[in-house]
1. If each residue of separation counts as 0.36 nm, what is the full-extension length gain between residue 126 and residue 50 once their alpha-carbon separation is subtracted?
2. What list of whole percents do you get for P(r) of the range 187-228, with Cα-Cα distances grouped in 5 Å bins up to the one holding the largest distance?
3. Distance in nm between label sites at residue 310 and residue 349, each 7 Å beyond Cα in the beta-carbon direction?
4. In what sequence do 292, 182 fall when counting other Cβ within 10 Å, fewest first?
5. Using Stokes-Einstein with the Kirkwood hydrodynamic radius over Cα pairs, what translational diffusion coefficient do you get for the range 90-197 at 25 °C and a viscosity of 0.890 mPa s, in µm²/s rounded to a whole number?
6. Computed FRET efficiency, Cβ-Cβ of residue 70 and residue 340, R0 56 Å: what is it to the nearest 0.05?
7. Within the range 57-87, name every residue whose backbone N is under 17 Å away from a label modeled 7 Å from Cα of residue 196 along the Cβ vector.
8. Taking a temperature of 25 °C and a viscosity of 0.890 mPa s, what whole-number D in µm²/s does Stokes-Einstein yield for the range 64-132 with Rh from Kirkwood over alpha carbon pairs?
C-alpha cells in the first residue's frame, strides 16, 4: 500500500513562538544549536558539562558523565578518546553496572574527570573561513597509536590579498581493537577513517573546494596506497581499495609526526591542555605558508620490504629429465627402450 499526501495546513497553535531576535538581544545571549551552546553575539560555540564526583565510581556513573560530552563535530576529539579508552577498559573488566571499578581505572577516571569542567571555558569560533575568501582547500590528517586511531579535517581559506586562515572543521576517533594488531594496520584504519570523514564533509559543504589533500606520517601506508590492491593481503587489500576509491583524484602526502594534529586524536589530550593547543585548532604551521615550503614527500614507492605483500613462489619443473631417467630405469633392455622412445616421438609428431 502506498501512502502519499501533501500537508496543506499547519495549525497556528503548533507554530513556535520562541524565535530568538539576535539583532535586539542582550550581549552574550546563549542558544542551543545542534546540542551545542551558541553565544550569538560573539558567534562562538561552547560546552556545558556538569559533573557530580562520587567516592564510589561505577560503570553506570562513568557512562552518565561521558554522555554529557555531546560533541558531534569532534571539536574536542582528543578529550573524547580519553573517555572512550576508559569505557573500553571497563568492558574488559566485565564488571556489572553498579559494581565499583578497579583502583587503577578509578585513578584514571579521576585524572580525566577533574579537568573535564574546563571544557566549559572553551570558546570555539563558529565561522571558520577567512573573510571574503576566494579559495578553499580541505586538508585531512590521520594517525594511530597502540590505543586508538582517527582523523581530523581542516579548512584552509585564502582571500584576494593572499592572507591564509586554517581552522579545525571536524574530527573522528576510534579505539583500537582489543585483539593486538600491528601499528601499520592501525595507521591504515586511521587513513580509512580520514577518507570516509572527508567524503561526508565534501557532500555537506556548499563551498567550492579547489583542492583536497590527505596527510599521513606512515610511509608504509603511503606505500600501500601506491600499490595495486590485488598485490596485498586481504585485510590491507580491502581497506586500500576503499581508500583509493574514496580519494580518487586527491593527493596523499607525508607529514612529520610533530606536525600531525591527528596524533592528538590517537593519543588523547586532557581538557586542561586542549584549549591552548595551536596544533589542534589551527593545524600545523606549514599550512599558513606557501606550498613550496610544505614537507617534502619521501620516496614511498613500492619496495621489496613493504609488509603485507602477496609473495609469489616459483618452482622449476625438471619433469623432462625425470621422464628420461624413469624410462631408462624401467626398461630392462635396449630394444624395449628404443621402442618406447619411438612411440613417444610418433605421438608427438602426430598430435603436436
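1. 25.1 nm
2. Percent of pairs per bin, in order: 6, 19, 27, 21, 13, 11, 4.
3. 4.5 nm
4. Numbers: 292 5, 182 13.
Lowest to highest Cβ neighbour count: 292, 182.
5. This corresponds to a translational diffusion coefficient of 142 µm²/s.
6. On the way: r = 86 Å, r/R0 = 1.54.
Once rounded, the FRET efficiency stands at 0.05.
7. It comes to 72-74, 81, nothing else.
8. Numbers: Rh = 14.1 Å.
Answer from the Stokes-Einstein relation: 174 µm²/s.
None of the figures in this text is laboratory data; all of them are computed from the coordinates on show. Fair warning: this is a prediction, and the values are worked out from it, not measured in the lab. Quick reminder, even Gly has a Cβ in these numbers, built from the backbone with ideal geometry, and neighbours come from all protein chains shown.
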